[in-house]
Amino acid sequence: VFHTVKMFLAGRIAEELKFNNLSTLPGDDLKQATGLVRRMVTELGMVDFPLLEEEDSELIPYRRYAADDPGVSAFIGKVLSSAAAEIRGQLELNQDLLNELVQGLLKQKTLGRDEIAALVAAHPLVKA
């Protein structure tokens, strides 16, 4: 699930890095990422620690939290910040590939799976 959150944020962060500006398109991706993390907590109980740091908080594995629980928004912010930092780092390490992808998208508006695979093959990913 965390990979999906990072995927939603990648376009937004790439746009920030390349253009120092955000169009309205990545806003929907941020909404989807936020919604996914919110569902992880409130519907699926995918949190294995208390959301709030309280002395009497006890660990309740896979507890579902209410949407209005004060810790939910803080947790969402932490998850999104962590994912964004990881993606930003990867994009900064792979500027050559990012530049090629941007150029391809500026020319064609969309890139197919084969076109992306060819670019990735020409610019192997650098991992942190």
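The values are calculated or read from the model by the stated rules, or taken from the named source; none is laboratory data. Predicted, not measured: the structure shown is a model, and the values here were computed from it. Every residue, glycine among them, receives a Cβ derived from its backbone with ideal geometry; neighbour counts consider all protein chains shown. Remember, those area values only see protein heavy atoms, side chains included, never the ligands or the DNA or RNA. Shrake-Rupley method; radii C 1.70, N 1.55, O 1.52, S 1.80 Å.
Assorted remarks:
- Matching option when the condition is closer than 22 Å to ALA67 by Cβ and modelled with pLDDT of 90 or more, among GLY45, GLY35, GLY27: GLY35
- PRO50 modelled with pLDDT under 90, in contact with a Ser or Thr (Cβ under 6 Å, 6 or more places away or on another chain), not small (Gly, Ala, Ser) and not in a helix (DSSP H, G or I): yes
- Of the criteria (1) over 14 Å from ARG12 (Cα atoms); (2) modelled with pLDDT of 90 or more, which one PRO124 fails: (2)
- Filter result (within 21 Å of LEU44 (Cβ to Cβ), in contact with a Leu (Cβ under 6 Å, 6 or more places away or on another chain) and either open to solvent by 60 Å² or more (accessible area, probe 1.4 Å) or at pLDDT 90 or above (or both)) within the stretch 72-96: ALA83
- Subset of the stretch 97-128 (residues that are part of a loop (DSSP other than H, G, I, E, B), without any contact (Cβ under 8 Å) to a residue 24 or more places away in the chain and open to solvent by 80 Å² or more (accessible area, probe 1.4 Å)): LYS109, THR110, PRO124
- Pairs where the first residue, in the stretch 69-96, is part of a helix (DSSP H, G or I) and the second is surrounded by 13 or more Cβ atoms within 10 Å (Cβ to Cβ) and basic (Lys, Arg), C-beta under 7 Å, 6+ apart: VAL72/ARG38; ILE76/ARG38; ALA83/LYS6; GLU86/LYS6; ILE87/LYS6
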